[in-house]
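Let me begin by presenting the structure, written as structure tokens, before commenting on it.
Read the figures in this text as sums done on the coordinates, not as results from a lab. Since we're looking at a predicted model, the values are computed, not measured. Neighbour counts run over all protein chains shown; Cβ positions are idealised from the backbone, glycine included.
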Amino acid sequence: MTDIIFSPAAQTDIDKIWDYTATSWNVDQAERYIQDIRDACQDLAEGTRMSRPSDIRKGYRKVSVGSHFLYFQSNDAGQIIIVRILHQRMDVAKHL
């Protein structure tokens, strides 16, 4: 199985998504949503989740999870680097 690495920015994104979801809905919903994101990463590592090229940056791919997109790339070691986790309404070019 392929290793998944979260960039510092992606880890911050997860923390902010959890905080927002817990405040707007509740802690249980925040936990479920973050688990959905982690499950999507696991699926990428196992090769069971489809992604598509991102037209924002060469070599970046994206996958949809709920209201967010995971932006990632693969390195020479074959690891998947989760670069950012951005809400679908965010200006991606500004945040990548």
### Query
What residues qualify as long-range amide H neighbours of R84, i.e. H under 5 Å apart, gap of 5 or more or another chain, H built at 1.01 Å from N?
Y71
### Order of W18, W25 under a 10 Å beta carbon neighbour criterion, fewest first
W25, W18
### Task
Compare the peptides 35-41, 80-86 by average per-residue count of other Cβ atoms within 10 angstrom and give them in order, highest first.
80-86, 35-41
### Query
What's the FRET efficiency of D3 with Q29 using the Cβ-Cβ distance as r and R₀ = 35 Å, to the nearest 0.05?
0.75
### Message
Using only the alpha-carbon atoms, how far is helix 8-24 inclined from the longest principal axis of the chain? Give it as 0 to 90 degrees, nearest 10.
### Response
30 degrees
### Message
Could you work out [θ]222 nm for the chain from helices alone, using -39500 (n - 2.57) per DSSP H run of at least four and dividing by all its residues? Round to the nearest 500 deg cm²/dmol.
### Response
-13500 deg cm²/dmol
### GNM top mover of S24, S64, S51 - the chain, alpha-carbon springs below 10 Å
S24
### Query
Could you give me the ³J(HN,Hα) list for the stretch 81-86, computed from phi with Karplus coefficients 6.51, -1.76, 1.60 and θ = phi - 60°, whole Hz, x at Gly and Pro?
9, 7, 7, 8, 10, 10
### Query
Taking Cα atoms, how many degrees apart are the long axis of helix 27-46 and the longest axis of the chain, rounded to 10 and kept between 0 and 90?
10 degrees
